[in-house]
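Taking it in order: structure first as structure tokens, then the write-up.
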Amino acid sequence: MSIKSIAAKIFARKIYKQTLKWAQKPVETQQKIFKNLIENAQNTEFGKDHHFNQIKTFEDFQKRVPVRDYEDLKPYVDKVVKGESDILWKGKPLYFAKTSGTTSGAKFIPLTKESMPYHIEAARNAILHYINETGKADFVDGKMIFLQGSPILTEKYGIKFGRLSGIVAHFVPKYLQKNRMPSWETNCIEDWETKVDAIVDETIKEDMSVISGIPSWVQMYFERLQQKSGGKKISEIFKNFNLFIYGGVNYEPYRAKFEQMIGKKVDSIELFPASEGFFAYQDSQKEKGMLLLLNSGIFYEFIKADEFFSENSKVYTIGEVEVGVNYVLIISTNAGLWAYNIGDTVRFVSTNPYRLV
């Protein structure tokens, strides 16, 4: 066992204990987040427009801040994009994550110095929970691939613009740099078809232990690997590949195909990231669902999906949700999204701790 894997186990135990502290006090944790968000945004344009200085309780907030989607929030976002400060959150964001919306065309989601660290920590902590529970840490010595968008960013009014996965690429910790693939040059290739071929050429002879990405991207990577290797299973190409990390879409439609391509069972970790925030990750190989991150600068509200379009539909906070009910996920964040409907529904499978699918 290497020094790196021993250190990973020690660090994993520490993070697990920290997680337990907030997971065992869900309501109190969310109340602290709520209070912090309101206090920090009081002097923003949005905070003044909605009288944040008068908000003492969640009920006060609910009366003043209606649920919004991107189109409703866009007048404020447009001001931030144009370089104005103190609009949705104090100062200016560090980044705008550009996403393609189904109804709004391009969306620009702010990432601030307060919100950005949680995107990085959540992905790291998901792996550390896996190490703590399983005791498996040898994979940290092998090569790891994170299939992601180009890290090339543009800049306007002092704010950088790019895809979330490309932005995150700038925050890979130094201890992973040597193990991480593909190379920076390959990662910067914009055309996806060309990029996948370059990634295959770079990795096919490497000792890949961890493969991560959106399932559709990983499927294309696996298919190209098989073409290049004369039809070998992925487990034959990468004999030490034992951990698959995925997120972004429902994995179930891909599962059978992946198992067939890989050729052996590998452990997996499911993530629930989005440009708007990193909401949950699979914290256990034994339990169903992903742990909702209640201590990550996000205040959560929930509306029952079958009541969402009703007038005066009830909004629930974390202490009020029930197992087995489909909820529309509403968020307020330290990036300046307020009572924001991200367009996803979730269903809790546990409330002790709060795990969802």
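Every read-out reported here was derived from the displayed coordinates using simple, explicitly stated rules and does not represent laboratory data. From a predicted model like this one, the values you see are computed outputs, not experimental measurements. For neighbour counting, all protein chains shown are included, and Cβ atoms are generated from backbone atoms with ideal geometry for every residue, glycine included.
Would you calculate the separation in nanometres between label points at Phe308 and Ser350, each defined as 7 Å from the Cα along the Cα-to-beta-carbon direction?
Spacing of the two 7 Å Cα→Cβ label points: 2.6 nm.
What is the gain in length, in nm to one decimal, between Asp191 and Asp60 on full extension, counting 0.36 nm per residue of separation less the C-alpha to C-alpha distance?
Details: separation 131, 0.36 × 131 = 47.16 nm, distance 4.84 nm.
Answer, rounded to one decimal: 42.3 nm.
Pairs Lys160/Lys205; Lys21/Lys314; Lys160/Lys195; Lys74/Lys304; Lys4/Lys228; Lys21/Lys239: which are spaced more than 27 Å apart, C-alpha to C-alpha?
Working: Lys160/Lys205 35 Å; Lys21/Lys314 29 Å; Lys160/Lys195 23 Å; Lys74/Lys304 25 Å; Lys4/Lys228 33 Å; Lys21/Lys239 38 Å.
Table pairs above 27 Å Cα-Cα are Lys160/Lys205; Lys21/Lys314; Lys4/Lys228; Lys21/Lys239.
Of the DSSP beta bridges with both residues in the chain, give the percent that are antiparallel, rounding to the nearest 5.
Percent antiparallel among DSSP bridges in the chain is about 65.
Could you let me know the centre-to-centre spacing of the range 291-357 and the range 184-220, using Cα atoms, in angstrom?
34 Å
Using a simple spin-label model with points 7 Å from Cα along the Cα→Cβ vector, what separation in nm is obtained for Thr134 and Leu20?
Distance between the two pseudo-spin positions: 2.2 nm.
Where in the range 87-174 are there chymotrypsin sites (Phe, Trp or Tyr not before Pro) that are in a DSSP coil and have at most 14 other Cβ atoms within 10 angstrom of their Cβ?
Tyr157
Which value results for Rg/Rh of the chain when Rg is the Cα radius of gyration and Rh the Kirkwood radius based on the inverse mean 1/r?
Expressed as Rg/Rh, it is 0.97.
Rounded to the nearest 20 Debye, what is the dipole magnitude of the chain about its Cα centre when Lys and Arg each give +1 and Asp and Glu each give -1 at the C-beta?
Roughly 1080 debye for the chain.
Classify the range 122-201 from the C-alpha gyration tensor, please: rounded if a/c falls under 1.5, else prolate or oblate depending on whether a/b exceeds b/c.
Since a/c reaches 1.5 but b/c is at least a/b, the shape of the range 122-201 is classed as oblate.
Translational diffusion coefficient of the range 249-347 at 20 °C, 1.002 mPa s, Stokes-Einstein with Kirkwood Rh over Cα pairs, in µm²/s as a whole number. Could the numbers behind the result be given before it?
Details: Rh = 15.3 Å.
Reported coefficient: 140 µm²/s.
For the pair Glu39/Lys288, report the inter-label distance in nm, with labels modelled 7 Å from Cα in the Cβ direction.
Distance between the two pseudo-spin positions: 4.0 nm.
Contour minus end-to-end for Glu28 and Arg255, with contour as 0.36 nm per residue of separation and end-to-end as the Cα-Cα distance?
Gain on stretching Glu28 to Arg255: 78.0 nm.
For the range 236-312, which GluC sites (Glu not before Pro) pass both filters: DSSP loop (anything but H, G, I, E, B) and at most 14 other C-beta atoms within 10 Å?
Glu287, Glu311
Checking the cross-link filter: which aspartates and glutamates have an alpha carbon closer than 14 Å to that of Lys264, excluding same-chain neighbours under 8 positions apart?
Reachable aspartates and glutamates: Glu236.
Work out, step by step, the length gained on full extension between Phe161 and Lys9: first 0.36 nm times the residue separation, then minus their alpha carbon distance; give nm to one decimal.
51.1 nm
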